[in-house]
Amino acid sequence: MKDVIASDADLVVRRLRDQPEEYSRIVTWRNSPYVREWWDPDDPPLTLEAAIEELGPGEDGDGQATFCIIELAGDPVGFIQFYPWDTEAAYLAEIGLRLPKGSWGLDIFIGDSGLAGRRIGSRAVRLLSDHLFAEESATAVALITEATNARSHAAYRRAGMRASGEPFLDTDLRDGQRVESILMIRDRPGGTVDAR
Ligand SMILES: CC(C)(COP(=O)(O)OP(=O)(O)OC[C@H]1O[C@@H](n2cnc3c(N)ncnc32)[C@H](O)[C@@H]1OP(=O)(O)O)[C@@H](O)C(=O)NCCC(=O)NCCS
């Protein structure tokens with residue numbers, strides 16, 4: 001299995017390694033206010049055990065997502081995961097979304113607020129999307145983000161995505177309420193597919 005998924009100059013997306021320091025880094029990042037503001041805000045702080053259960057190899061998890069670290073000039077700076085949407089039919093039905101068959105999804109955070117706004121996020125999304133189009137024959141790359149997460153919208157637009165359809169309620173919770181969210185999508189280059 002290749003360690004590096006995709007790279008572009010100083011930016012590398014590589015697989016998360018099954019090593020203690022990798023899980024510790026994720027715990028630090030996920031518990032930072034910068035990431036927690038938008039990533040599972042209602043959940044208790046992530047423990048090392050929970051991180052290993054969520055991201056490590058083994059029986060837990062559905063095994064469909066690939067977990068990756070984003071590196072900039074050799075330094076780990078963030079997390080990105082990707083998965084085929086075709087395996088998420090029940091969830092998509094629950095939130096009332098239809099996606100083109102063969103779509104792939106991704107989720108991302110930059111771990112250090114000091115690195116915000118340096119185009120790392122948009123570059124990583126574009127790089128990984130290009131990889132999914134080229135290597136997985138993705139028909140589209142689509143992700144769900146909170147309707148109020150304007151910074152993420154700007155980053156995803158810079159990565160070639162557009163908002164699609166009306167806002168909807170995700171199953172994710174904020175203050176106990178389902179989160180109003182939007183779908184952002186990048187069509188396969190050379191072909192436009194209706195998302196909803
Ligand atoms: C969302 C995230 C991955 C984007 O990565 P990034 O490296 O900061 O993004 P980029 O620098 O590529 O792009 C940021 C864009 O947001 C804009 N921006 C910054 N702060 C903003 C704000 N408060 N409101 C609106 N736009 C904002 C920047 O101007 C830039 O847009 P531009 O390229 O058109 O100028 C990163 O901010 C992050 O990890 N946030 C916390 C966790 C999170 O929200 N994850 C996404 C969950 S869906």
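What relative contact order, as a whole-number percentage, does the chain give when Cα pairs under 8 Å and 6 or more residues apart are counted? So the answer I get is 20 percent. Ligands, DNA and RNA are left out, and with a 1.4 angstrom probe the accessible area of region 4-187 is 49 Å² per residue. For region 1-114, averaging the sequence separation of C-alpha pairs within contact (under 8 Å, six or more residues apart) and dividing by the residue count gives a relative contact order of 26 percent. May I ask you to work out the translational diffusion coefficient for region 1-105 at 10 °C, viscosity 1.306 mPa s, via Stokes-Einstein with Rh from the Kirkwood sum over Cα pairs, reported in whole µm²/s? Taking Rh from Cα pairs, D becomes 104 µm²/s. The Rg/Rh ratio of the chain, with both radii computed over alpha carbons and Rh defined as the Kirkwood radius, is 0.93.
The values are calculated or read from the model by the stated rules, or taken from the named source; none is laboratory data. Predicted model, so just to flag it, every value in this text is computed and none were measured. All accessible areas refer to the heavy atoms of the entire protein, side chains included, with ligands and DNA or RNA removed. Shrake-Rupley method; radii C 1.70, N 1.55, O 1.52, S 1.80 Å.
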